[in-house]
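**Q** Would you mind keeping the following structure in view while I ask a few things?
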Amino acid sequence: MKLVRYGNAGEERPGVLLEDEVILDVRAAVFDIEDYDAHFFSHYGIARLESLVREKPGRTVRRDEVRLGPPVARPGKIIAVGENYADHAAEFGRPPPPEPILFSKPASALAGPEDLLKLPGKPAEIDAEVELAMVIGARAKNVPAAEAHNCIAGWTILNDLTDRRAQRTCSQWFAAKGHDGFAPLGPFLLTRDELPCTPELDLASELNGARMQSGNTRTMIFPPDRLIEYITLDRGITLEPGDVIATGTPPGIGAAQDPPRPLAEGDEMVLRIEGLGEQRLKTAAATPQSPRT
């Protein structure tokens, strides 16, 4: 299944994207499913949703008539992995890391897969990163790699937007990657039954029609099952239902171009992952903020 959330920002409804590009309104079909949040994943699960939707068809809306939001609501944690492709690490002149590099992004950074990206008003050098993301479907603590698949709800695309200027000057990845809107997610969450735990998927990004990034998830240094093991067993971090893990980006980022190519006002980005659809985002200048009095 392809799970989506649609509607105005902050007012999204849960849905299922069907083959004919229409969205089944889950809330209308199943009155007690309010959203795709931690409560949904821990109390209902994908299997129950599939059964209920099949038995109780509801109203539908066309995908092209609504805004898509991030397919997961209010994740408790967004954990991302740095330099998880050897050729991406090489872009910065660094060897592959001996163990996963973890950092986080706040839930306030989430955005929809086609939302307008407002560039920061302060000096910045914004870069896009296409990443395969997994959403956790069950509480995970001390999980070995062989059992990691049981903890995954599904897969989606995350754009790990990054301010390279901040990353250089303050050396804090959170500060460089946590800005509002810096984690577009979606367009949909593909349930885990559709993919293996170590999928081999082509992924790519374009900027104004020109190819930037290109790679395949098979070249990850640490595959998804090992990442879950590392986070929960090696580092002792419990993963909860609805948490998001972004697994790293392939080579071709703007900062590695000659000369570097940060995002500018009016740019159009397209991010694709095989089987997971695509994100299409445009950039705009920041809205001027009036000083507080």
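The values are calculated or read from the model by the stated rules, or taken from the named source; none is laboratory data. Worth saying up front: this structure is predicted, and the values here are computed from it rather than measured. Reconstructed Cβ throughout: ideal geometry from the backbone, glycine too, with neighbour counts over all protein chains shown.
**Q** Filter region 145-197 for residues that are in a loop (DSSP other than H, G, I, E, B), over 17 Å from the mean Cα position of the chain (by Cα) and touching a residue at least 24 places away in the same chain (Cβ under 8 Å) and give the result. First the steps, then the outcome.
**A** First, the residues of region 145-197 that are in a loop (DSSP other than H, G, I, E, B): 160-161, 171-172, 178-182, 186-188, 195-197.
If we keep only those that are over 17 Å from the mean Cα position of the chain (by Cα) too, we end up with 171-172, 196.
If the condition is that a residue be in a loop (DSSP other than H, G, I, E, B), over 17 Å from the mean Cα position of the chain (by Cα) and touching a residue at least 24 places away in the same chain (Cβ under 8 Å), then Pro196 is the only one that fits.
So that you can scan it fast, the table gives a plain yes or no per residue for (1) of a type in the set (Phe, Trp, Tyr); (2) loosely packed, with under 14 Cβ neighbours inside 10 Å; (3) under 18 Å from the mean Cα position of the chain (by Cα):
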residue: Met1; (1), (2), (3): no, no, yes
residue: Leu17; (1), (2), (3): no, no, yes
residue: Val22; (1), (2), (3): no, no, no
residue: Arg27; (1), (2), (3): no, no, no
residue: Phe31; (1), (2), (3): yes, yes, no
residue: Asp37; (1), (2), (3): no, no, yes
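**Q** Looking at this structure, is Thr249 touching a residue at least 40 places away in the same chain (Cβ under 8 Å), part of a helix (DSSP H, G or I), of a type in the set (Ser, Thr, Tyr) and in the same structural domain as Ala146 (by TED's automatic domain parsing)?
**A** On the way: touching a residue at least 40 places away in the same chain (Cβ under 8 Å): yes; part of a helix (DSSP H, G or I): no; of a type in the set (Ser, Thr, Tyr): yes; in the same structural domain as Ala146 (by TED's automatic domain parsing): yes.
So Thr249 fails the test.
**Q** Right, another one. Tell me the residue from Ala86, Ala90 that is at pLDDT below 95, touching a helix residue (DSSP H, G or I) at 6+ places or on another chain (Cβ under 8 Å), under 24 Å from Ile245 (Cα atoms) and surrounded by fewer than 18 Cβ atoms within 10 Å (Cβ to Cβ), please.
**A** Result: Ala86 is the single residue among Ala86, Ala90 that is at pLDDT below 95, touching a helix residue (DSSP H, G or I) at 6+ places or on another chain (Cβ under 8 Å), under 24 Å from Ile245 (Cα atoms) and surrounded by fewer than 18 Cβ atoms within 10 Å (Cβ to Cβ).
**Q** Select from region 191-213 the residues that are within 30 Å of Glu147 (Cα to Cα) and touching a Pro at 6+ places or on another chain (Cβ under 9 Å) and list them in ascending order.
**A** At the first step, the residues of region 191-213 found to be within 30 Å of Glu147 (Cα to Cα) are 191-204.
Residues satisfying the conditions are Cys197, Thr198, Pro199, Leu203, Ala204.
**Q** Looking only at residues in region 233-246 that are over 19 Å from the mean Cα position of the chain (by Cα) and not in a loop (DSSP other than H, G, I, E, B), which one is surrounded by the fewest Cβ atoms within 10 Å (Cβ to Cβ)?
**A** Step by step, filter region 233-246, then rank; the result is Asp234.
**Q** Would you mind listing the helices (runs of 4 or more DSSP H) fully within region 1-118 where at least 3 residues are within 26 Å of Ile231 (Cα to Cα), out of contact with any Pro (no Cβ under 9 Å at 6 or more places or on another chain) and of a type in the set (Val, Ile, Thr)? It would help to see each step written out before you state the result.
**A** Numbers: elements: 26-29, 38-43, 45-55, 86-91.
Once the helices (runs of 4 or more DSSP H) in region 1-118 are filtered for at least 3 residues that are within 26 Å of Ile231 (Cα to Cα), out of contact with any Pro (no Cβ under 9 Å at 6 or more places or on another chain) and of a type in the set (Val, Ile, Thr), nothing remains.
**Q** Limited to region 1-51, what total is found for residues that are under 15 Å from Arg62 (Cβ atoms) and without any contact (Cβ under 8 Å) to a residue 12 or more places away in the chain?
**A** 2
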